[in-house]
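Below is one structure, written out as structure tokens; comments come after it.
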Amino acid sequence: MDEVIDREIVAAVRRFVDREVIPSASELEHRDEYPHALVATMKELGLFGATIPAEHGGLGLSFSTYARIMEELSRGWMSLAGVINSHLIMAYIITHHGTDQQKKYFLPAMARGEKRGGLALTEPHAGSDVQSIRTVAMRRGDSYVLSGSKMFITNARHGTMLAVAAKTNPKAEPAYAGISMFAVEKGEAGPTVSRNIKKLGYKGIDTCEVLLEDLPVPASSLIGGAEGQGFKQVMSALEVGRINVAARAVGVGQAAFENAIRYAQQRTAFGKPIAQHQAVQLMLADMGTRIEAARLLVINAARKKDAGERCDVEAGMAKLFASEACAKISLDAMRVLAGYGFTQEFPVERFYRDAPLMMIGEGTNEIQALVIARGLLARYPA
């Protein structure tokens, strides 16, 4: 029965993408306009509660189904998947590491989309090297005072709260042992969203610099109620984020492939459709094969996460392969469309600009390779 419901939800998202997202995505993206109406529909579909347990008002979907939903959204417009991803990373941290009080307070409102979250982890000088963050949280009575800055924060402007990584013990050794996570709601005192960051792609979604200027937050906002647990909390959640980014790459790659193979059968050159020319056929075959391989890697990682198993290696493999495949597929799609692929009359140029985000987001692919290698060496000791 659950599988039937999951299929129906994925089908509903597919219809939403076909009917509402694809017809409007390019225009919104070129204007770099936040898609308020599309986000409202995602809220109605319950997607802000996709992986939040049913006991807290969410849909309680498996990560396998969640990955399929992210693929469908990204097939229409990858930025929409970003609105959901950061929100559900925060929800995951609260679900698995929050206190009972935090779960009761945050999760039902997050599932309804009334509270919309993001992850404030990256800093101007600390990206994949999480333990090098400089934001600090000093205890003062019944509060903590947060000071620092965050960079490239999704949902910062249009969301209502952030999961903020800060050092409660800046002198801890090893450094990651001093990191804690805070559920920080936006208010008059902050956090301050200082500016939107202009980007090559991934437009329409707020990606911002955030300032924490001696911001007081209640001690009850410390996720889990214990200091020094933040690194473990955020690392487990980033497995979900990497599955998400890998699924996004599959969706964008699928969209690029569909545009290319459709165009190749309609455009004629030298007396026949270009799909009948061997050079184009070789590209189409390679594109289709890479998409299918990437999709299977995403499914494998998601199934391990569903089983409660550690999947840092599998999620890293999926993210690494799918994002590199997406970049190549989007470029090859542009080659198939030739001059038209370079224009804004077709969405291929958008796929080409969006693709690099997946190679960089949720940890660069170079970091993914290191994570994979370390995991394999642990599994296959000499």
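Only residues that are without any contact (Cβ under 8 Å) to a residue 60 or more places away in the chain and more than 15 Å from residue 330 (Cα to Cα): list them for region 236-266, please.
Of everything in region 236-266, those that are without any contact (Cβ under 8 Å) to a residue 60 or more places away in the chain and more than 15 Å from residue 330 (Cα to Cα) turn out to be 265, 266.
Tell me, yes or no, whether region 348-364 has at least one residue that is outside any helix (DSSP H, G or I) and touching a Gly at 6+ places or on another chain (Cβ under 6 Å).
yes
Just checking, which of 100, 129 is of a type in the set (Asp, Glu) and more than 19 Å from the chain's Cα centre (by Cα)?
100
Please determine, by comparing only the residues of region 189-201 that are of a type in the set (Gly, Ala, Ser) and not in a loop (DSSP other than H, G, I, E, B), which one is nearest to the chain's Cα centre (by Cα).
194
Residue-by-condition table, conditions (1) within 17 Å of the chain's Cα centre (by Cα); (2) of a type in the set (A, V, I, L, M):
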{"position": "288", "(1), (2)": "no, no"}
{"position": "291", "(1), (2)": "no, yes"}
{"position": "300", "(1), (2)": "no, no"}
{"position": "313", "(1), (2)": "no, yes"}
{"position": "336", "(1), (2)": "no, yes"}
{"position": "356", "(1), (2)": "yes, no"}
{"position": "364", "(1), (2)": "yes, no"}
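Return the pairs, sorted by first residue and then second, in which the second residue is of a type in the set (Asp, Glu) and buried (at least 19 other Cβ atoms within 10 Å of the Cβ), the first residue lies in region 13-42 and is under 12 Å from residue 75 (Cβ atoms), the beta carbons are less than 8 Å apart, and the residues are 6+ apart or on different chains.
Short answer, once both residue conditions are applied: 13/72; 14/72; 17/72.
Out of all the residues in region 271-292, is one or more of a type outside the set (Val, Ile, Thr), assigned to a helix (DSSP H, G or I), in contact (Cβ under 8 Å) with a residue 60 or more places away in the chain and not assigned by TED's automatic domain parsing to the domain that holds residue 62?
no
Quick one: residue 74 ticks every box in (1) closer than 18 Å to residue 243 by Cβ; (2) outside the structural domain of residue 10 (by TED's automatic domain parsing) bar one, so which box is it?
Against the list (1) closer than 18 Å to residue 243 by Cβ; (2) outside the structural domain of residue 10 (by TED's automatic domain parsing), residue 74 comes up short only on (2).
Is at least one residue of region 249-270 in a loop (DSSP other than H, G, I, E, B) and not acidic (Asp, Glu)?
Within region 249-270, one or more residues are in a loop (DSSP other than H, G, I, E, B) and not acidic (Asp, Glu).
Would it be correct to say that residue 227 is within 20 Å of residue 131 (Cβ to Cβ), acidic (Asp, Glu), free of Cβ contacts under 8 Å to residues at least 24 places away in the same chain and not in a strand (DSSP E or B)?
In short, no.
Collect the residues in region 308-347 that are β-branched (Val, Ile, Thr) and either outside the structural domain of residue 369 (by TED's automatic domain parsing) or in a loop (DSSP other than H, G, I, E, B) (or both), keeping them in residue-number order.
343
If you check 157, 134, 68, which single one turns out to be more than 18 Å from the chain's Cα centre (by Cα) and not aromatic (Phe, Trp, Tyr)?
134
Among what's in region 203-219 and is in contact with a Lys or Arg (Cβ under 9 Å, 6 or more places away or on another chain) and either assigned by TED's automatic domain parsing to the domain that holds residue 84 or assigned to a strand (DSSP E or B) (or both), pick the residue that is surrounded by the fewest Cβ atoms within 10 Å (Cβ to Cβ).
Among those that are in contact with a Lys or Arg (Cβ under 9 Å, 6 or more places away or on another chain) and either assigned by TED's automatic domain parsing to the domain that holds residue 84 or assigned to a strand (DSSP E or B) (or both), it is 216.
The values are calculated or read from the model by the stated rules, or taken from the named source; none is laboratory data. Just so it is clear, the model here is predicted, and its values are computed rather than measured. As a convention, Cβ positions derive from the backbone with ideal geometry for all residues, glycine included, and neighbour counts pool all protein chains shown.
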